[in-house]
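Beneath this line is the structure, given in structure tokens, with notes to follow.
The values are calculated or read from the model by the stated rules, or taken from the named source; none is laboratory data. Source: prediction; values computed, not measured. FYI the Cβ positions are ideal-geometry reconstructions off the backbone, even for glycines, and counts take in every protein chain you see.
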Amino acid sequence: MDKEKNTPEDPKDEETVVMPDEGVTVADDLEEEMNETGEDVAQRKIEELEASLEKEKKEYLFLMAEFDNFRKRTIKEKSELIKNAAEAVLKGLLPIVDDFERGLNATENVEDPAAVREGMELIYQKLVKYLEKNGVKAIDPEDREFDTNRHEAISAVPVQDEAQKGKILDTVEKGYMLNDKVLRHAKVVVGQ
């Protein structure tokens, strides 16, 4: 008789598990799934995929808008940086302009040209020091090798000595470098 009570056909012995949140038994859930047709399963999968696709589209549009904002912000920051960099350089030149103005006012009644020259040399040295501080340096005029990357030949002069051919004979206008980039080529006379 004990064996008959434990048979699975006896409904009293069947266990039902109740989910705490839903109040639905596992048996009910399985029964519902087994009753669904293939079309219902396919329709549910399509709806899930459409919902997933819609979510991905929204995320994509959000990322595109964020990237566009980043691009605009970067362009604005870059233009501000360029504007402010020029402002800083020009602001540094103002004391030198002030020195020139004071020098011009001081030379109105001075008859000694040596004193005027000394004042001009001081202002010139201050300007050169400021340029060097900002990365601007003169191309070495003692360098006698002609280099098309740094020099511009404005004239070629015939020379007797073969060693002078292709060499710089005279610098008409100094060239300048900004860090390692040519700011202005040196204008030179080259031996031919």
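Got at least one residue in the stretch 110-127 being closer than 21 Å to TYR176 by Cα, under 38 Å from the mean Cα position of the chain (by Cα) and free of Cβ contacts under 8 Å to residues at least 12 places away in the same chain?
yes
Tally the residues that are within 41 Å of the chain's Cα centre (by Cα) and over 9 Å from GLY191 (Cβ atoms), restricting the search to the stretch 138-168.
Count: 16.
Conditions tested, residue by residue: (1) out of contact with any strand residue (DSSP E or B) (no Cβ under 7 Å at 6 or more places or on another chain); (2) among the hydroxyl-bearing types (Ser, Thr, Tyr).
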{"position": "LEU131", "(1), (2)": "yes, no"}
{"position": "VAL136", "(1), (2)": "no, no"}
{"position": "ASP140", "(1), (2)": "yes, no"}
{"position": "SER155", "(1), (2)": "no, yes"}
{"position": "THR171", "(1), (2)": "no, yes"}
{"position": "GLY175", "(1), (2)": "no, no"}
{"position": "LEU183", "(1), (2)": "no, no"}
{"position": "GLN192", "(1), (2)": "no, no"}
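So, restricting to helices (runs of 4 or more DSSP H) that lie completely within the stretch 1-107, which ones have at least 3 residues that are at pLDDT below 65?
The qualifying helices (runs of 4 or more DSSP H) are 2-5, 26-35.
Those residues that are part of a strand (DSSP E or B) and over 23 Å from GLU132 (Cβ atoms), I need them from the stretch 146-167; list them, please.
Our first condition is that a residue be part of a strand (DSSP E or B); within the stretch 146-167, this holds for 151-157, 167.
The answer is ALA153, ILE154, SER155, ALA156, VAL157, LYS167.
What are the residues in the stretch 169-192 that are among the polar types (S, T, N, Q) and either under 18 Å from VAL89 (Cβ atoms) or under 23 Å from the mean Cα position of the chain (by Cα) (or both), if any?
ASN179
Pairs under 6 Å by beta carbon, first residue free of Cβ contacts under 8 Å to residues at least 40 places away in the same chain and assigned to a strand (DSSP E or B) in the stretch 174-187, partner among the small types (Gly, Ala, Ser) and crowded, with 16+ Cβ neighbours inside 10 Å, six or more apart or different chains?
From residues that are free of Cβ contacts under 8 Å to residues at least 40 places away in the same chain and assigned to a strand (DSSP E or B), the pairs are ARG184/GLY175.
Which pairs turn up if I take residues in the stretch 84-96 that are under 14 Å from LYS129 (Cβ atoms) and look for partners that are aromatic (Phe, Trp, Tyr) and at pLDDT 85 or above with beta carbon separation below 9 Å, at least 6 apart in sequence or on another chain?
GLY92/TYR130; LEU93/TYR130; PRO95/TYR130; ILE96/TYR130
Go through (1) in a helix (DSSP H, G or I); (2) at pLDDT 85 or above and name the single condition LYS137 misses.
(1)
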